[in-house]
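Down below is the structure, laid out as structure tokens.
The values are calculated or read from the model by the stated rules, or taken from the named source; none is laboratory data. Quick caveat, the model's predicted, so the values are computed rather than measured. Note that each Cβ is placed from the backbone with ideal geometry, even for glycine, and that neighbours are counted across all protein chains shown. Note: accessible area is taken over every heavy atom of the protein model, side chains too, but ligands, DNA and RNA are not part of it. Shrake-Rupley method; radii C 1.70, N 1.55, O 1.52, S 1.80 Å.
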Amino acid sequence: MTAEIVEVDFLDPRVLDLRARMGAEMGELYGTPRHSVGAEDVTPESVLACLLALDGDRPVGTVSLRRLRDLVEIKRMFLLPETRGTGLAARMLAAIEDRARAVTDRVVLHTGERQRAAIALYTRSGYEPIEIYEPYDQVPESLCFAKRLDDPALL
């Protein structure tokens, strides 16, 4: 897929729509209603970057980067189902990592154990499992990963 990846405001209506779709999908996957500790407390002030993937004018994916205490965390990566398997997710992940390099040499992320495609993407992209960090230690299905951006071998 040749989608264009652009930086936008975290509260861009197109991003809000994609995040709502993500919430619905996670609700189906993990049970409705689904509220993930730590997901709702992403404030615009904590966001370092927010990317939007556009297929023409159509928003098809989003990912954000936020500061969480002393961590830099990749958040809310979501692609429309029909774009998955096209390489766009890897491109978006690389693009948000490029933004992260301006402020850190290590990023972390949280996902859920039922999100097998996401886990496979992160593993292929050099992420290694780490101890579950707050606030996700309160979510039973949590998995956390980290990646050194300067040298993946140095987690």
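Listed by number, the DSSP H helices of the chain that run 20 Å or longer by alpha-carbon position along their axis and have mean Kyte hydropathy of at least 1.6 come to an empty list. Our coupling estimate for region 102-110, obtained by passing each phi through the Karplus curve with A = 6.51, B = -1.76, C = 1.60 and θ = phi - 60°, is 6, 10, 7, 10, 8, 10, 10, 7, 10 Hz, Gly and Pro reported as x. Using the Cα coordinates of region 66-113, the gyration tensor eigenvalues translate into equivalent-ellipsoid semi-axes of 22, 13, 7 Å, sorted from longest to shortest.
Solvent exposure of region 1-135 amounts to 51 Å² per residue of accessible area, where only protein heavy atoms count and the probe is 1.4 Å. When shorter helices are ignored and each DSSP H run of at least 4 residues is given -39500 (n - 2.57), the per-residue value for the chain at 222 nm works out to -8000 deg cm²/dmol. Distant-in-sequence amide contacts of LEU149, defined by a placed amide H-H separation under 5 Å and a gap of 5 or more residues or a different chain, comprise ARG106, VAL107.
Averaging sequence separations of C-alpha pairs under 8 Å and six or more residues apart, then dividing by the length of the chain, give the relative contact order as a whole percent. Before the final figure, lay out each step's value.
On the way: 242 pairs, mean separation 32.4, N = 155.
Normalised by residue count, the contact order of the chain is 21 percent.
Let me know the charge dipole size of region 71-127 about its Cα centre in debye, to the nearest 20, where only the beta-carbon of Lys, Arg (+1) and Asp, Glu (-1) is charged. Let's see the in-between values first.
Details: 10 positive and 6 negative charges, 18 e Å.
Result for region 71-127 is approximately 80 debye, rounded to the nearest 20.
Taking a cut-off of 19 Å, what percent of all Cα-Cα pairs in region 87-155 are separated by more than that?
Working: 778 of 2346 pairs.
Of all Cα-Cα pairs in region 87-155, 33 percent lie more than 19 Å apart.
Charging the Cβ of each Asp and Glu at -1 and of each Lys and Arg at +1, and nothing else, the dipole of the chain about its Cα centre rounds to 260 debye.
Distances between placed amide hydrogens fall under 5 Å for MET77 paired with SER64, all partners being 5 or more residues away or on another chain.
Here the chain exposes an accessible surface that is 52 percent carbon and sulfur, computed with a 1.4 Å probe and the other protein chains kept in place.
On alpha carbon coordinates alone, what is the Rg over Rh value for the chain, Rh being the Kirkwood radius? Don't skip to the answer; put the middle values down first.
Numbers: Rg = 14.5 Å, Rh = 15.7 Å.
Ratio value, two decimals: 0.92.
With point charges of +1 on the Cβ of Lys and Arg and -1 on the Cβ of Asp and Glu, referenced to the Cα centre of the chain, which listed residue (VAL60, LEU48, PRO140) lies farthest in the positive direction of the dipole? Towards the positive end, the residue furthest out is VAL60.
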